[in-house]
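Remarks on the structure that follows.
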Amino acid sequence: MIQAIVFLPLLGFLIAGIFGRLIGPRPSELVTTALLIAAAVMSWMVFLDVAVGHNHGYAPVLANWMTVGKLNVDWALRVDTLTAVMLVVVNTVSSLVHLYSIGYMHEDAHRQRFFAYLSLFTFAMLMLVTADNLVQMFFGWEGVGLASYLLIGFWYQKPSANAAAMKAFVVNRVGDFGFALGIFLVFQLTQSLNFNEVFAAIPGLEGRIIHVFGLDVDALELAAFLLFIGAMGKSAQFFLHTWLPDAMEGPTPVSALIHAATMVTAGVFMVARLSPIFEYAPNALQFVTLIGAITAFFAATVGLVQNDIKRVIAYSTCSQLGYMFVAEGVGAYSLGVFHLFTHAFFKALLFLGAGSVIHAMHHEQDMRHMGGLRKDIPFTFAMMTIGTLALTGFPYTAGYFSKDGIIEAAFTVGAHQTPAMIGFVSTVVAAGLTSFYSWRLVFMTFFGHRAGHGVSEAHAHDAKAHDAHDHHAHGGASGHGHGHDEAHHAPHESPLVMLIPLAVLSLGALAAGIVFEPYFAGHAYDEFWKGAIYTSEHNHVLHMMHEIPHWVGFAPTAAMILGFLLSLYMYVLKPGSAKKLADTFPGLYKFLLNKWYFDELYDALFVRPAFAIGRFFWKGGDGAVIDGLGPDGVAARVVDGARIAVRLQTGFIYHYAFAMLIGVAAVVTWFIAGGMR
C-alpha cells in the first residue's frame, strides 16, 4: 500500500506531463485528482493502522540505490507514526488542492502542465517524508525545491512570477548548502546515513570534539546546527524567510499547497525525524528555540499592515512555523508536529478561502478594494471565519490545543532556559498580533463597504498584476471571463468544486485538535508515537506542563481576545482609526510595511555586490583580459596589420618604383657596410 501512496502522484505527473496535450486538459485534471484522492484515502488507512493501531511500522526496501566504499544507500520507504501523520497531511491537502484547482484554474490554457506540476510536487514531498536515510531525504528535499520553483513561476509571462521563483530557488539553496554539510558530517561521524544506524551511534558520540577552522567544537552540536540551517531555508525562518511572501506570485492553489502542509513544513518534519541527534545538542536546540521565537514575532508584526490578502496569510504561515520550532527547540517535538498537523487544515482553508474571495472579486487581491462580501459570498465568509477562529486559537478549535500547548511547553522549560522564556513571551505576543491581523483580514474583506460596489475598471485591467491568469489563458484583457465587461459584475460565490474542499478542511480546522490531542500530547502519547520521535525528555516536558500556573494557560486566550477587540474597534466600530494610527507613526508603519527592510538590506549586502563582482569579472576579466589578450586581441592585431598592408597597395606605378629604389638602396647599403667590416 505504501508503494501505491508514494507512486500514484508520480503516475499522475507522468500522464498529465507526457500525454496531457494528447488527452486534453479535462482528462488530465480528472486523472491526477483521482489518483491523489486514492492516495489520500490509503494514507488515512495507514494512519489508522500504524499510528492509532498497534502496527509499529515497517520499511520495505525497493532497491539498492548506491554503494560507494562504506556508503551504502538503499531506496526504502520508512513507515512509522511520524510518516503516517505526514502522509495524511500531505495527501489530504494535496488532493483537496487538486480538486479545488479544477474550478480555480478552469480558464487557464495550460492546465495539463499545472496539474502535472502539482502531482510532481506531491511525489517529491512523499519521497521526503518516507525517507529511511538522509540521502533519500535530500533527494525529496531538492525535488520539492524544484517543483516549487516550477509552480511559483507557473505564469512565466509575468516577470514578477519569474523573479519570485528564482528568489525561492536561490534562498533555499543557501539553506540546502548547510543541510548538505550536516549530512556530510553525520556520515563522517557515524559512517552511515541510514536513520536506524545513525540514531544507534549518536549516544556514543556525546561530547566528541572536532577541529574546525582552528576551533574545537562539539561534533553533534555542529551537525545539528548545520542540519537546522537547511530547515531554516525550507521553512522560511528568520534570515532565510524572504522568499515566502514573494511566492504568492504563483496561483492561489499553489500557495495553499506550499504554505499550508507541504514545503514549508519539511523543516519541521526534518527536525522531528532527527530528534535523536538534536537531543544530544542542547545548544543547537536553544538556537532552534530562539530562531523560532524571533520568527513568530517578526512575521506577526509584518502581517499587521499588509494589504494583499494572500501576503497576510503567508506571513501568518511564517509566524506559525516559528511556533513549531519553538516547540521542537524546547524538546516538545510531538507538540511541534501536532501544530503542523492542525495548522495544515486551517491554513489550507484560509488560503483556499482567499482564492474564493479573489475569484469572486475577479482576481483582485488588495483588501482595500474589498468590503461587504459576507452578503455576496456567505459560504466563503463562513469558511474563512472558521479558519480564522482556528488560527487565532479560539477555545476548542484545532489551533487552541496545539498552539496553546506550545506556549505552555515554552513556559515550562523557560524556568531553566532563557531562550525558552523568550519563546514563551514571543509566542504570547504573537498570539495577540495574529488575532489582530487575522480579524483585520476578515473585517476588511467581509464587512464595511467597498468603493463603487465592484472592482474598478483600472483594477480589472490590471488584474494580471495580482493573481490573474496570464494573457494567453484569458485570450486577452477582455476575453474569457474577467475583462472590462465583467469588471462591474457583483461578486459571486465560487463553483461547488471549489467549495467542497473548503467544507472538508473546515471540519479539520474545528475538530482536529479535540480529536487528536490525546494521541499527540495526551494520555495515549506512548501508544501513538511508538518511539517514532525522541520521547524521554519530551515526556518530562509534557508532565511538567500540568504543573504550570493557571494564568499561563489563559495568557494566549487573553491575547487572542485583546487582538480581536482591538481589530473590531479599528476596522468596524471606528473605521479610519487604523489610518490615523499609521499617520501618527509613519516611520514604524513604513518599517513594518517594508518587512523590516530585509529585502533592501539583502540587496545592498549580497545582490548588488554579487552583480558588481560578476560585472567586474565579465567586463574586466573575461572581456578585457581573456578575450582582449586572447581570441579578440589576436584577431584585432591581424586586422590592424591587414589595414596597414592594404595602404601599401595604392595602384600607382611611381609608388611601386619608389619602393623598389628604396629596396635596392637598402640592399646596396647592407653589402657595403658588411664589406667594410
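A few points about this structure:
- Within region 38-57, residues that are within 16 Å of Pro9 (Cα to Cα) reach partners that are open to solvent by 30 Å² or more (accessible area, probe 1.4 Å) with beta carbons closer than 7 Å, at six or more positions or on different chains, in the pairs Ala38/Leu8; Ala39/Leu8; Met42/Met1; Met42/Ala4.
- Restricting Pro203, Pro245 to residues that are surrounded by 24 or more Cβ atoms within 10 Å (Cβ to Cβ) and assigned to a helix (DSSP H, G or I) narrows the list to Pro245.
- Residue within region 532-554 that is farther than 27 Å from Ala200 by Cβ, open to solvent by less than 20 Å² (accessible area, probe 1.4 Å) and either in a helix (DSSP H, G or I) or not charged (D, E, K, R) (or both) present: yes
- Positions within region 496-513 being over 21 Å from Ile102 (Cα atoms), touching a Phe, Trp or Tyr at 6+ places or on another chain (Cβ under 6 Å) and of a type in the set (A, V, I, L, M), in sequence order: Ala509, Ala512
- Residue list for region 163-179, filter: among the hydrophobic types (A, V, I, L, M, F, W, C) and surrounded by fewer than 19 Cβ atoms within 10 Å (Cβ to Cβ): Ala163, Met166, Phe169, Val170, Val174, Phe177
- Among the residues of region 109-123, those identified as open to solvent by 10 Å² or more (accessible area, probe 1.4 Å) and assigned to a helix (DSSP H, G or I) are Arg111, Gln112, Arg113, Tyr117, Leu120, Phe123.
- Ser94 being among the small types (Gly, Ala, Ser), in contact with an Asp or Glu (Cβ under 8 Å, 6 or more places away or on another chain), at pLDDT 90 or above and open to solvent by less than 10 Å² (accessible area, probe 1.4 Å): no
- Region 25-79, subset in a loop (DSSP other than H, G, I, E, B) and open to solvent by less than 80 Å² (accessible area, probe 1.4 Å), residue farthest from His523 (Cα to Cα): Gly69
So that you can scan it fast, the table gives a plain yes or no per residue for (1) touching a Phe, Trp or Tyr at 6+ places or on another chain (Cβ under 8 Å); (2) open to solvent by less than 10 Å² (accessible area, probe 1.4 Å); (3) modelled with pLDDT under 90:
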site	(1), (2), (3)
Leu220	yes, yes, no
Ala223	no, yes, no
Leu226	yes, no, no
Gly230	yes, yes, no
Phe239	no, no, yes
Ser275	yes, yes, no
Ala281	yes, yes, no
Leu290	no, no, no
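- In region 592-614, the condition of being of a type in the set (Val, Ile, Thr), open to solvent by 70 Å² or more (accessible area, probe 1.4 Å) and either free of Cβ contacts under 8 Å to residues at least 60 places away in the same chain or not in a helix (DSSP H, G or I) (or both) is met by at least one residue.
- In region 211-233, the residues that are in contact (Cβ under 8 Å) with a residue 24 or more places away in the chain and outside any helix (DSSP H, G or I) reach residues that are open to solvent by less than 10 Å² (accessible area, probe 1.4 Å) and of a type in the set (A, V, I, L, M, F, W, C) with C-beta atoms within less than 8 angstrom, at least six apart or across chains, in these pairs: Asp218/Ala281.
- Tally of residues being more than 24 Å from the chain's Cα centre (by Cα), free of Cβ contacts under 8 Å to residues at least 60 places away in the same chain and in a helix (DSSP H, G or I) across region 1-10: 1
- Members of region 17-59 that are touching a Lys or Arg at 6+ places or on another chain (Cβ under 8 Å) and within 13 Å of Arg111 (Cα to Cα): Gly17, Gly20, Pro25, Ser28, Glu29
- Scanning region 573-589 for residues that are open to solvent by 50 Å² or more (accessible area, probe 1.4 Å) and either in contact (Cβ under 8 Å) with a residue 24 or more places away in the chain or of a type outside the set (Asp, Glu) (or both) yields Leu573, Lys574, Pro575, Lys579, Lys580, Leu581, Thr584, Phe585, Pro586, Gly587, Leu588, Tyr589.
- Odd one out for Gln112 among (1) over 13 Å from the mean Cα position of the chain (by Cα); (2) closer than 21 Å to Pro245 by Cα: (2)
The values are calculated or read from the model by the stated rules, or taken from the named source; none is laboratory data. Just so it is clear, the structure is predicted and the values come from calculations on it, not from any experiment. Glycine also receives a Cβ, built like all others from the backbone with ideal geometry; neighbour counts cover every protein chain displayed. Side chains are part of the model used for accessible areas, which takes the heavy atoms of the whole protein and leaves out ligands, DNA and RNA. Shrake-Rupley method; radii C 1.70, N 1.55, O 1.52, S 1.80 Å.
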